[in-house]
Amino acid sequence: MGIAKKFKGICIALASLTITATALAGCGTNQDAQEAQGSQGSGNQVESASPSKEHITLTVEIFAEDLDYWQKKSQEDAFKKALPNVTLDIQSVKDSNELLKTLKIRQAANELPDLFYMKPDHVLQLKDSLYLWNADDPLVKMNKAVDKLEVNKAGEGKYYGLPMKQFSEWVYYRKSVFSELGLQVPQTWDEFVSVAKAIQDSGKYQGVALGAKDAWTQYPFIGFGPNTFFNDDNTASEAAKTDTPFSPDGNYYKAFEMVEKLYKTGATGKALGIGYSEAGQLFASKKAGMIVIGQYYYPDYVKYGGDIDDVGLFPLPVVNDKSETNRQVTVVDLPFGISKSSKHIEEAKKVLEWYFSQEIYKEYLTERTMSSTINGIEADNIFTTTAKTLNVTPFFIKDGNEDAVKLSNETKWDGNAIGQQMLAGKDFRPIFEDLNKKWTSARKKLGIQ
């Protein structure tokens, strides 16, 4: 899954603010996964004041969580020099589900924004409406992650979008809790399950903070497990080649058995009763010993008042043999897309040229604790520092191909929804049996071999 399909209602009503300047307005986004609020209206506009050139308005679709950053940077001189006669109509949504719904509605009406963010699993659903980047474009050549997303490759050396950031998945843990309970950082999946249970059994702390009321928060286990546990980066596309990918000998079934071990310990507490934000606050207030989530959580940890001196990091152990090098998921995220029907493609590209400049981009990476997709620009944060001390293999998961997307839509395959049922005490096995039947029928119906 694309970080968890991570990442809710169609709402493109915009957080509106009009700023007059001799520049275009900025835009910001993140993964999927944070709970910032989005709305639809006239947008946040930064207008050119120069009378000497024609004014151009670009529509930009972003995530609301980064809106403040873009508005702040858009008022600086570097921004004013980049496009002095452009107005950006910035339209923000709160998460990736809203983003996809909004973009698909606009795609159907041939009214996509000029410039917009996509999750990796959105790309193939929007590809027919996307401007194609050439491999020799300077913005492509400077992007070191453009080839890491299989779904981003349009063939013939062309690409659908420019990945905006990378981040890795981590287990955040409270050092004082581990010290108090005499626990060591686990090296295997079974050890991780045991540590989570030991924290829960202490009666003082929850083992793992999990906000599964927001189903996507399970993605480190449910979404990535079928790949990471078995060192298979292409599980989704391979599933499209068989009638029964949810059988006991398959990655999905075996991964769900491993996750079941964790869920049955009770270490995730009443996970179905809280969402992402509540789980984040639970960990920040030291009521839970661990939380498993991406780098994007760290600014929230700080915002919630978490003690930065008491938080430690380690990659989720996905191996059960200590002689095997652990694998850490690294997510290439948020490809910038440009509508092929935009009347202002060159101006949209200049927006990205400004965004990916040293002055703007590095500050964003540092502030949001992300990792870079641009050659020559690196962030300096707790994650980049910790990563240098680890012996792990970066692991990039391939999103499912077009057949996999069609089959998932036809069968309504949703691992996180099944994970919620597991947390409610249901057995996933009968669900998988039924899913195999639906999958077989769907392959026949869709003519997929």
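Every number in this text was worked out from the coordinates using simple rules, so none of it is lab data. Quantities reported herein were computed from a predicted structural model and do not represent experimental measurements. Here the Cβ is made from the backbone with ideal geometry for all residues, glycine too, and neighbour counts use every protein chain on show.
A compact table of results
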| quantity | calculated |
| --- | --- |
| Pairs of Cα atoms farther than 22 Å apart, segment 114-210, % | 51 |
| Computed [θ] at 222 nm, deg cm²/dmol, the chain (DSSP H ≥ 4; -39,500 (n - 2.57); rounded to nearest 500) | -10000 deg cm²/dmol |
| Sites matching trypsin sites (Lys or Arg not before Pro) across segment 366-449 that sit in DSSP coil, with at most 13 neighbouring C-beta atoms within 10 Å | Lys388, Lys412, Lys426 |
| Dimensionless Rg/Rh of segment 214-370 - Kirkwood Rh, Rg from C-alpha atoms | 1.04 |
| Distance histogram for segment 345-388 (every C-alpha pair counted, 10 angstrom bins, percent rounded to whole numbers) | 29, 47, 19, 5 |
| Lys, Arg +1 and Asp, Glu -1 on Cβ, resulting dipole of the chain about Cα centre, debye, nearest 20 | 680 |
| DSSP-assigned coil residues among chymotrypsin sites (Phe, Trp or Tyr not before Pro) in segment 109-163, each with at most 15 further Cβ atoms within 10 Å | none |
| Nearest-20 debye value, segment 309-449 charge dipole, Cβ charges on Lys, Arg, Asp, Glu | 880 |
| Per residue convex hull volume, Cα atoms of segment 102-171, in Å³ | 105 |
| Among Leu67, Val351, Leu112 - extreme Cα towards positive end, dipole of the chain, charges at beta-carbon | Leu112 |
| Cα radius of gyration and Dmax for segment 189-253 (Å) | 15.2, 48 |
| Selected from Ile291, Thr386, Ala271, residue furthest toward positive end of dipole (segment 258-396; charges at beta carbon) | Ala271 |
| Stokes-Einstein D for segment 115-274, Kirkwood Rh over Cα pairs, 4 °C, 1.567 mPa s (µm²/s) | 69 |
| For segment 285-434, radius of gyration divided by Kirkwood radius, i.e. Rg to Rh on alpha-carbons | 1.03 |
| Rh by Kirkwood over Cα pairs, then Stokes-Einstein D for segment 98-139 at 0.692 mPa s and 37 °C, µm²/s | 293 |
| DSSP bridge pairs, the chain: antiparallel proportion in percent, nearest 5 | 60 |
| Descending semi-axes in Å of segment 287-373, equivalent ellipsoid built from Cα gyration tensor | 35, 19, 12 |
| Value of Rg/Rh across the chain [Cα atoms, Kirkwood radius] | 0.97 |
| Three principal axis lengths of segment 57-106 [C-alpha, angstrom, descending] | 35, 21, 10 |
